Amino acid sequence: MGAYKDAAQLYDVLGTLFATLRDDPEIGPKVQASGLVIRFRYTEPDSEITIDCTKSPLEIIFGPNDRKPTVDMSMKADVAHQFWLGKVNLVAALTRGQMVAKGPIQSIMKLLPIIKPAYALYPKILKEKGLEAMIT
Amino acid sequence: MYGYSGKLLEVNLSRGTVAEIPLGDPEPLRRFLGGSGLAARLYFDRTLAQGKKPEPLGADNPLLVLPGPLNCSRLPGTSRFSVATRSPLTGLWGDSSCGGNFGPTLKYTGYDGIVFTGTSPEPAYLYVDEATAELRGASFLWGKDTYQTEDELIARHGRGTRVLSIGPAGENLVRYASLVNDRGAVAGRAGMGAVAGSKRLKAIAVKGNKRVELADPKAAEAIARTVRAKARESMTMQAFTSLGTDAVMYLGGAMMGDVPTRNWRTTLWEEGYQKLDGAAMAETILVRNAACLYCPVGCKRVVKVDQGPYRMPPGSGPEYETAAALGAMCLVDDLEAVAYAGRLCDLYGMDTISCGATISFAMEATERGLLRSELSWGNAAAVIGMIEKIARREGLGDLLAEGSKRAAAKIGGADFAVEVKGLEAPMHDPRAFHGLALSYATGTRGACHMACETYALESGTVFRPELGLAGPFENQTGQGKAGLMVKAQDWGALLNSLTICQFINWNYTATELVEATNAVTGFGYTLGEFMETGARIWYLKRGIGCLLGATAADDRVPSRALASLEQGVTAGSEPDFELMIREYYPLRGLDAQGRPSRERLVQLGLSDLANLLHGQ
Ligand code: SF4
């Protein structure tokens, strides 16, 4: 079985992560300022989260929608989980096709400083939700 | 003969003569290919095999300028060439790879390379086209920078002329002086420019259109199409096109701990990495990207600064190594200042890695009271002032022009001069990727990550399943790195002999590169024979190093680059260097003194080297 038991749990955990980033006084404005529409597409379980920074405040949308993404990232949900735990070598994952990123590379690279603080947040969120067992 | 014109130029600068030497038998080419591999063989034959051990800056030290067999094939990434000889920085084997347009144009003149010997009584340049090869006076160019030299020789010889030249640093024998072509394509490492300067060879100007026959042009074109398509799809290549190699500054520094900062003492410099990143460059000083001949990627930067103290017209901009060495290592986070410092190095003709690392060393020496200087962390004006002084060997610049190893021998601080065998380490941190420690320790030219493919393999940029290197590899462990290193070094030796760009090479599978080589040369290699050729070249360079004085004791990495940091993403990570080197020696077939074993050399057809190393 994968890290997330179903799409609802994935939406709950990653939704909280993205909302925390949005509400963080330092990170939130940077995410908003990127002006990107970032779509994360996951498999196993099939799920989709879109962060629309063209709207203010930015919107986090669960499930398929008609927003046009600037950056499209697809991966297995397990890879996403390991990634937010800081355990995935991003370069190797992209080389091996475990993560597929589409969109202007400049925009993707600009996401990195935004992504970095999330590494510390993610295990905390799992703990708060009683999901410590997922931190392995 | 396919892929080669079948002749070299031999230029005796003392006598002022230029002669053609036929390459004759293609077998040596099959065994050593071209670029730094063939250079090593030619060097060995002309010096050590005859009992000669020329001083690096001596008249009898031959300087070799060699493109590779793929240079005129239009295969992506095949425009590089090697400049090689005994290095004035290390005293050992030195080779330096360079991009731009010079390499293929040299081949289009009808020559497979040039060997320079002697010392010219007056400054000279060599002019070569399809009908002419002659030495000409260069007193009018002496003292001029590499851009001026290029401009003047192009004005003199017309459009299509490509110029490889030294700047004032080479003339003044700065031990890490470079040669530059195409305004910023640099043969930077190991001080090849100082050797040219010692010979009073200011420049080589080439112009030609002569075709080089390929064994199977259709097959070559088919591979070229496949590789171009892969490069278009590759995220890494897209990043290099848009942001240059400096695309990795933030990723490497803040997220991987791979960017040496403040003389290898921290990776806590997140804002600095962001300010120096290729993305910041793209939004500020970038004018456009630029490419070597036949490159679909174009990682090179053309930048300009319109106003302020670092005002400069469009020209070469910093690639990653430059931004890290002159920026992060010196704690200078002003991108315009770093770009300006890098440009100065290109104009004066100096390796940005050795220059930045030596200045960073001097900053720490100043901080510790070993040196009195204006150098201090983050002081961009002092860095720029020191680059000028080094190029002219003025004041403290005269000491720093010797490189960090010699400077440390004089003033102290060897424990924080991060060099191996005298060559300053490049801008990747072994605490992020432990295998780097082994590649720095055992690189055939000193601390180097471009002589082998370990860094790309460990970082996950490329995998080589056909070589048994399917990965992924754990970054921060020494386990298994010795075996990886042996194959990655043999592969690296091939790349530098084919003179293919190490970035573009990631878009070729191993099999495709063998097929590409066969399509050009008709050598008909199997993958096994190809790898054996890489091994032969690696052992030859290693053996030359041993004959020039390197021993097992030199296969080390300063503790400064190994000791774990207390904070940052690599906190607590300490490469187990002893494990790696212990496993590596027997796998590599090296004896306790670091010499390649007789058996291995004989097996590779290097009996002459074996006899010199081990006795008849
Ligand atoms: S990727 Fe860069 S260094 Fe390599 S061939 Fe292209 S422009 Fe030259």
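The values are calculated or read from the model by the stated rules, or taken from the named source; none is laboratory data. Values in this document were obtained by computation on a predicted structure and should not be read as measured data. Don't worry about glycine lacking a Cβ; one is built from the backbone with ideal geometry, like all the others, and counts go over all protein chains shown. In case anyone asks, the SASA skips ligands and DNA or RNA and just uses the protein heavy atoms, side chains included. Shrake-Rupley method; radii C 1.70, N 1.55, O 1.52, S 1.80 Å.
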Condition check for B:MET249: touching a Phe, Trp or Tyr at 6+ places or on another chain (Cβ under 9 Å), under 30 Å from A:MET109 (Cβ atoms) and assigned by TED's automatic domain parsing to the domain that holds B:LEU347: yes
Conditions (1) surrounded by 20 or more Cβ atoms within 10 Å (Cβ to Cβ); (2) more than 9 Å from chain A (Cβ to nearest Cβ): number failed by B:GLU271: (1)
Qualifying residue in the stretch B:252-268 (condition: among the hydrophobic types (A, V, I, L, M, F, W, C), out of contact with any Asp or Glu (no Cβ under 9 Å at 6 or more places or on another chain) and more than 16 Å from the ligand (Cβ to nearest atom)): yes
Qualifying residue in the stretch B:420-427 (condition: open to solvent by 30 Å² or more (accessible area, probe 1.4 Å) and over 16 Å from B:ALA324 (Cβ atoms)): no
Matching residues in the stretch B:438-490 - criterion: being surrounded by fewer than 24 Cβ atoms within 10 Å (Cβ to Cβ), polar (S, T, N, Q) and within 20 Å of the chain's Cα centre (by Cα): B:THR461
Residues of the stretch A:59-88 satisfying the condition of being within 14 Å of chain B (Cβ to nearest Cβ), open to solvent by 40 Å² or more (accessible area, probe 1.4 Å) and of a type outside the set (Gly, Ala, Ser): A:GLN82, A:LYS87
Pairs, first at positive phi in the stretch B:93-113, second at pLDDT 95 or above and within 16 Å of the ligand (Cβ to nearest atom), C-beta under 6 Å, six or more apart: B:GLY100/B:ASN181; B:GLY100/B:ASP182; B:GLY100/B:ALA185; B:GLY100/B:CYS292
Filter result for the condition that a residue is more than 16 Å from the ligand (Cβ to nearest atom), open to solvent by less than 30 Å² (accessible area, probe 1.4 Å) and either away from every other protein chain (no Cβ under 14 Å) or assigned to a loop (DSSP other than H, G, I, E, B) (or both), over B:GLY110, B:GLY160, B:GLY143: B:GLY110
Residue identified as in contact (Cβ under 8 Å) with a residue 40 or more places away in the chain and farther than 16 Å from A:LEU14 by Cα among A:LEU126, A:LEU111: A:LEU111
Search result, residues across the stretch B:582-612 that are open to solvent by less than 20 Å² (accessible area, probe 1.4 Å) and assigned to a helix (DSSP H, G or I): B:TYR584, B:ARG588, B:LEU601, B:LEU609, B:ALA610
Members of the stretch B:497-549 that are within 16 Å of the ligand (Cβ to nearest atom), part of a helix (DSSP H, G or I) and among the aromatic types (Phe, Trp, Tyr): B:TRP506
Single residue of B:LEU23, B:LEU29, B:LEU57 found to be among the aliphatic types (A, V, I, L, M), open to solvent by 10 Å² or more (accessible area, probe 1.4 Å) and under 30 Å from B:VAL227 (Cβ atoms): B:LEU23
Single match in B:VAL180, B:VAL128 (criterion: more than 27 Å from B:TYR2 (Cβ to Cβ), assigned by TED's automatic domain parsing to the domain that holds B:GLY16 and crowded, with 22+ Cβ neighbours inside 10 Å): B:VAL180
Counted residues, the stretch B:527-564 - those being basic (Lys, Arg) and open to solvent by 30 Å² or more (accessible area, probe 1.4 Å): 2
Search result, residues across the stretch A:95-120 that are small (Gly, Ala, Ser) and either out of contact with any helix residue (DSSP H, G or I) (no Cβ under 9 Å at 6 or more places or on another chain) or more than 15 Å from B:GLN238 (Cβ to Cβ) (or both): A:GLY97, A:GLY103, A:ALA118, A:ALA120
Lone qualifier among B:THR105, B:THR78 - being within 16 Å of the ligand (Cβ to nearest atom), part of a loop (DSSP other than H, G, I, E, B), within 27 Å of B:LYS210 (Cβ to Cβ) and not aromatic (Phe, Trp, Tyr): B:THR78
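Go through the stretch A:31-44 residue by residue and tally those that are in contact (Cβ under 8 Å) with a residue 40 or more places away in the chain and open to solvent by 30 Å² or more (accessible area, probe 1.4 Å).
2
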In the stretch B:163-188, residue nearest to the ligand (Cβ to nearest atom) [restricted to those that are farther than 12 Å from B:VAL83 by Cα and either of a type in the set (Val, Ile, Thr) or at pLDDT below 95 (or both)]: B:GLY184
Among (1) surrounded by fewer than 24 Cβ atoms within 10 Å (Cβ to Cβ); (2) more than 8 Å from every other protein chain (Cβ to nearest Cβ); (3) among the charged types (D, E, K, R), the one test that B:ASP258 misses: (1)
Test result for B:ALA196, in a strand (DSSP E or B) and away from chain A (no Cβ under 14 Å): no
Candidates B:SER87, B:SER73 - the one that is away from chain A (no Cβ under 14 Å) and within 16 Å of the ligand (Cβ to nearest atom): B:SER73
Residues (open to solvent by less than 10 Å² (accessible area, probe 1.4 Å) and either assigned to a loop (DSSP other than H, G, I, E, B) or of a type in the set (Phe, Trp, Tyr) (or both)) located in the stretch B:35-54: B:TYR43, B:PHE44, B:THR47, B:PRO54
Of all residues making up the stretch B:17-27, the number that are over 28 Å from B:THR119 (Cα atoms) and not in a loop (DSSP other than H, G, I, E, B): 1
Among (1) away from the ligand (no atom under 16 Å from the Cβ); (2) over 22 Å from B:GLY572 (Cα atoms), the one test that B:VAL462 misses: (1)
Hey, A:THR136 within 14 Å of another protein chain (Cβ to nearest Cβ) and either open to solvent by less than 20 Å² (accessible area, probe 1.4 Å) or free of Cβ contacts under 8 Å to residues at least 12 places away in the same chain (or both) or not: no
The stretch B:197-212 - residue that is in contact with a Phe, Trp or Tyr (Cβ under 7 Å, 6 or more places away or on another chain) and open to solvent by 20 Å² or more (accessible area, probe 1.4 Å) and, of those, farthest from B:ASP151 (Cα to Cα): B:LYS210
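For the stretch B:491-503, which positions are buried (at least 24 other Cβ atoms within 10 Å of the Cβ) and under 15 Å from B:TYR455 (Cα atoms)? Walk me through it before giving the result.
Within the stretch B:491-503, the first condition is being buried (at least 24 other Cβ atoms within 10 Å of the Cβ), and the residues that meet it are B:491-500.
Once the filter is applied, which keeps residues that are buried (at least 24 other Cβ atoms within 10 Å of the Cβ) and under 15 Å from B:TYR455 (Cα atoms), the stretch B:491-503 yields B:TRP491, B:GLY492, B:ALA493, B:LEU495.
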